[in-house]
Structures are given as structure tokens and as C-alpha cells.
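Student: Have a look at this one before I ask anything.
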Amino acid sequence: MSLNTFGHLFRVTTWGESHGPALGATVDGCPPGVTIDEAMLQHWLDKRRPGQNKNMTQRNEPDAVRILSGVFQGQTTGTPIQLMIENTDQRSKDYGDIAQTFRPGHADITYHQKYGLRDYRGGGRSSARETAARVAAGGIARAALEALVPGIRIKGYMTRMGEIEIDRDRFDWDAIDTNDFWIPDAEAAPKWEAYLQKLRKDHNSVGAIVEVVAQGAPAGLGAPVYGKLDTDLAAAMMSINAVKGVEIGEGMSAAMLTGTQNADEIFMGKDGQPVYSSNHAGGILGGISTGQDIVVRFAVKPTSSILSPRKSIRMDGTPTEVVTKGRHDPCVGIRAVPVGEAMMACVVLDHLLLHRGQIGDGPRGKIG
């Protein structure tokens with residue numbers, strides 16, 4: 001029972017550890033004839049790559065992806081696609097002091113309780129480094145989606161970091177790729193950086209909220225009850241390292257609304273397609289996409305690896321204090337943005353293929 005695979009028709013299996021020779025993904029179920037090359041995938045990996053600026057870990061990994069199978073003459077063949085990313089900047093000696101100690105907030109203790117042994121070098125399989133493989137697989141999903149649904153767009157951004165949150169009145173899509181925090185407000189970035197750098201100097205870390213939007217996804221994706229699109233999206237986002245909560249649309253805030261406030265009113269558009277007065281549902285009703293923007297939000301806990309001492313125990317049960325050395329992100333949420341985008345792409349493509357397998361192209365029900 002390995003459980004290292006997600007997806008129904010578009011299936012992704014990730015493998016490898018943080019300090020092993022390499023990590024990667026096996027992608028099965030990608031339609032044939034999708035244009036793919038390593039440079040296309042590298043574009044997305046470079047968004048997640050560590051060591052790019054002072055606001056993230058200084059581990060200097062190129063995250064260069066290699067395609068080992070499933071692509072011939074620049075196109076997918078329909079057979080399994082094997083992706084590999086070599087680890088080149090491991091410093092396993094940084095973790096020698098905690099080989100017999102459980103780091104608070106980490107999976108060290110639960111991996112030990114379940115398996116009886118663990119790879120203590122950077123967390124092994126539980127390390128956020130595993131997400132590089134997901135981003136590579138997400139690049140394949142994006143290419144397939146663009147081939148099947150031209151114009152679909154998936155974009156993620158941070159909405160909160162600790163005490164600071166974005167001003168939605170200043171929301172600017174074009175600003176997201178212009179700053180280190182992937183926030184939709186370029187002028188706010190210096191404030192976010194000053195806040196994070198103070199926490200870093202204090203040997204501390206901070207959590208974040210990331211929002212991911214899929215624009216242009218067709219209506220009809222998902223299925224009732226156990227095959228809901230939002231069920232798989234929630235599971236996908238929750239599987240990302242350090243994620244502790246997921247919301248669709250209004251999410252938890254829906255509990256503070258009345259029925260008249262929350263219900264998205266429906267009108268007939270000039271093009272003969274339904275339009276909605278709002279999008280409290282996050283583009284999903286009854287587990288099925290409406291054709292509106294699909295909106296998912298997830299909360300990332302503060303990085304547990306900090307230089308401030310925390311109390312814990314050793315494997316023999318004796319008490320100790322832990323100061324985690326090494327190179328770590330002061331806010332994991334920054335590099336979680338491209339990971340969230342990748343998971344959105346994989347899930348939406350998976351449900352698109354499921355929909356086409358059962359229904360064919362487009363929704364069955366005609367309106368008007």
C-alpha cells in the first residue's frame with residue numbers, strides 16, 4: 001500500500017527523496033499528440049525553483065527536468081511519461097544532529113511511528129522537495145489542457161502571509177509575475193518583504209494563504225456525490241506539504257452569509273449561455289463545474305524548520321531541544337503557488353478526460 005499516485009485517468013506517481021540522487025514522476029494517461037519538450041516543463045519548474053532570491057531557501061538546485069519516455073519527436077505518444085529531476089545541492093551533514101531526534105512540526109515522529117525508520121536527511125519523502133515532481137507533471141497537464149480547451153488559464157497567487165493580506169481593490173493580474181511573492185499588487189511587495197525578513201532575522205517563519213483560479217474551464221466537469229470536482233481538488237491541495245486547510249469559493253466564509261447573499265443568481269447571457277451575478281460557489285455546484293472561474297484557496301502552515309529552539313524528544317524518549325539547521329524557506333507559501341497551479345491543472349485535466357469518456361464533448365443539457 002504505497003499510495004504515491006493520484007488521479008483517475010490522468011495519473012501521476014511521484015518518487016524520490018529530498019537528499020537522494022534524484023526525484024521525479026511517472027505520468028500515465030496523457031492523450032497522444034500533445035506537444036511537449038523539456039523547455040516547456042522547465043518554465044514551470046523555474047517558478048518553484050529554490051535559491052532564486054533572499055525570500056526563499058538558498059538551496060541552489062537547477063531543477064533541470066529530463067523526459068525519459070513517452071515523448072517522441074516532440075509529441076506525447078500516449079504511453080507513460082517518465083520525468084526525472086536530479087538533486088545536485090544536498091547538504092545531508094546539516095541533518096546529522098537530528099538523526100535521533102524528532103523535529104517539532106515535522107513528519108519525523110509519525111514516519112517513525114508508522115514505518116519504524118525514516119530518512120532524516122531533509123525529511124526524505126516528506127520534504128517539500130517532492131513537489132518539484134508535481135510541478136513537472138503539471139506542465140504536461142497544462143499542455144494537454146491547452147490542446148483540448150484552447151484559452152484555459154490557471155493562475156495562482158498569495159493572498160495572505162501571516163498578518164499581511166492583499167487589498168482586493170488593488171488586484172492586478174499582470175502584477176503576479178513581477179514580484180517575489182506572487183501577489184497581485186506590485187506596490188505591496190516591499191512591505192511583504194520587510195515583514196518576512198524581520199521574521200527571518202528573528203529565527204522565525206510564517207504561514208500563508210494561496211489562491212488558485214482556473215479560467216475558461218468548461219461547464220460539466222465533475223460528477224455527483226463521490227466523483228465531485230471539488231472533492232478531488234480539495235484532496236489534491238491538501239496533499240501538498242504543509243497545507244492545513246482548503247476552501248472552494250467562499251469556503252469557511254460561507255458560514256457567515258445568508259442564503260440571499262450566498263446564492264449566485266443566474267441570468268441568460270446575450271450569447272445564449274448562462275451568466276451568474278457572483279461566484280460564491282467557486283465555479284462548482286453539486287460537484288460539477290459551472291463554466292465560471294474555479295476558485296480554490298489553501299492555507300500553508302509556518303515552516304517548521306527554524307533556528308529558534310523548540311522542545312522535543314529523542315528516539316529513546318529522553319527530552320531535548322531542537323534547533324533545525326540547514327537552508328529553509330521562511331515562508332513555504334511562496335513556492336507553494338506553482339505547486340497549487342500544477343495540482344489544479346492535473347485535476348482539471350483528469351476530470352476533463354473523465355467527462356469526455358462518459359459524456360463526449362461538451363455538456364449534454366441545452367438551455368433556452
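The values are calculated or read from the model by the stated rules, or taken from the named source; none is laboratory data. Predicted, not measured: the structure shown is a model, and the values here were computed from it. Cβ coordinates were reconstructed from backbone atoms using ideal geometry, including for glycine residues, and neighbour counts include every protein chain displayed. When the accessible area is computed, the model is the full protein with side chains, heavy atoms only, and any ligands, DNA or RNA have been set aside. Shrake-Rupley method; radii C 1.70, N 1.55, O 1.52, S 1.80 Å.
Student: Using only helices, what value at 222 nm comes out for the chain when you add -39,500 (n - 2.57) per DSSP H run of length 4 or more and divide by the total residues, to the nearest 500 deg cm²/dmol?
Tutor: On the way: 7 runs with 90 residues, N = 368.
Rounded to the nearest 500, the figure is -7500 deg cm²/dmol.
Student: Take the alpha carbon atoms of the range 189-234, find their center, do the same for the range 2-41, and report the distance between the two centers in whole angstrom.
Tutor: If we compute the Cα centre of each part, the gap is 21 Å.
Student: Work out the P(r) tail for the range 178-258: percent of alpha carbon pairs separated by more than 20 Å, whole number. Could the numbers behind the result be given before it?
Tutor: Details: 1810 of 3240 pairs.
For the range 178-258, the share of Cα pairs beyond 20 Å comes to 56 percent.
Student: Something else about it: For the range 302-364, what's the relative contact order in percent, using C-alpha pairs closer than 8 Å and at least 6 residues apart? Before the final figure, lay out each step's value.
Tutor: Values: 42 pairs, mean separation 15.7, N = 63.
Result for the range 302-364 is 25 percent.
Student: On to the next question. Go from 0 up to the bin containing the longest alpha carbon distance in the range 126-224, width 5 Å each, and give me the % of pairs per bin.
Tutor: 2, 10, 16, 18, 18, 16, 11, 5, 3, 1
Student: Sticking with this structure for a sec: Using a 1.4 angstrom probe, figure out how much accessible area the chain has per residue, in square angstrom, rounded to the nearest whole.
Tutor: Values: 17580 Å² over 368 residues.
So the chain comes to 48 Å² accessible per residue, rounded to a whole number.
Student: Does anyone have the angle between helix 333-358 and the longest principal axis of the chain? Alpha-carbon axes, 0 to 90°, nearest 10?
Tutor: 40
Student: Calculate I(q)/I(0) for the range 274-368 by the Debye formula, one identical point scatterer on each C-alpha and no solvent, and give its log10 at q = 0.11 Å⁻¹ to two decimals.
Tutor: Each listed q corresponds, in turn, to -0.60.
Student: Over all directions, what mean area does the Cα convex hull of the range 124-178 project, stated in square nanometres? Before the final figure, lay out each step's value.
Tutor: Numbers: hull surface 24.1 nm².
That works out to 6.0 nm².
Student: Return an integer: the convex hull volume of the alpha-carbon atoms of the chain, in Å³ per residue.
Tutor: Numbers: hull volume 57.3 nm³, N = 368.
Each residue corresponds to 156 Å³ of Cα convex hull volume.
Student: On the accessible surface of the chain, probed at 1.4 Å, how many percent belong to carbon and sulfur atoms? Before the final figure, lay out each step's value.
Tutor: Numbers: 9310 of 17580 Å².
Whole-percent figure for carbon plus sulfur exposure: 53.
Student: Can I ask one more? Using only Cα atoms, find the angle between the long axis of helix 38-48 and the longest principal axis of the chain, and express it within 0 to 90 degrees, rounded to the nearest 10.
Tutor: Helix 38-48 and the main axis of the chain meet at about 60 degrees.
Student: Take the alpha carbon atoms of the range 7-161, find their radius of gyration, then divide it by 2.2 N^0.38 Å using N residues; give the quotient. Don't skip to the answer; put the middle values down first.
Tutor: Working: Rg = 17.3 Å, N = 155, 2.2 N^0.38 = 15.0 Å.
The reported ratio for this selection is 1.16.
Student: Cross-link list Lys47/Lys366; Lys155/Lys191; Lys198/Lys244; Lys114/Lys201: which exceed 30 angstrom alpha carbon to alpha carbon?
Tutor: Numbers: Lys47/Lys366 41 Å; Lys155/Lys191 23 Å; Lys198/Lys244 24 Å; Lys114/Lys201 36 Å.
Correct reply: Lys47/Lys366; Lys114/Lys201.
Student: Next question. Please work out the C-alpha center-to-center distance from the range 109-186 to the range 252-273 and express it in whole Å.
Tutor: 29
Student: GluC sites (Glu not before Pro) within the range 99-184: which are DSSP loop residues with at most 16 other Cβ atoms inside 10 Å?
Tutor: Working: sites: Glu130, Glu146, Glu163, Glu165; in loops: Glu163.
Qualifying residues, ordered by number: Glu163.
Student: Right, another one. So which GluC sites (Glu not before Pro) in the range 264-363 end up in coil per DSSP with only 14 or fewer other C-beta atoms within 10 Å? Please list the in-between numbers first.
Tutor: On the way: sites: Glu265, Glu321, Glu341; in loops: Glu265.
Loop-located and lightly packed - Glu265.
Student: Still on this structure: Against the longest principal axis of the chain, how steep is helix 131-148, in degrees 0 to 90 to the nearest 10, with axes from Cα atoms?
Tutor: Rounded to the nearest ten degrees, it is 10.
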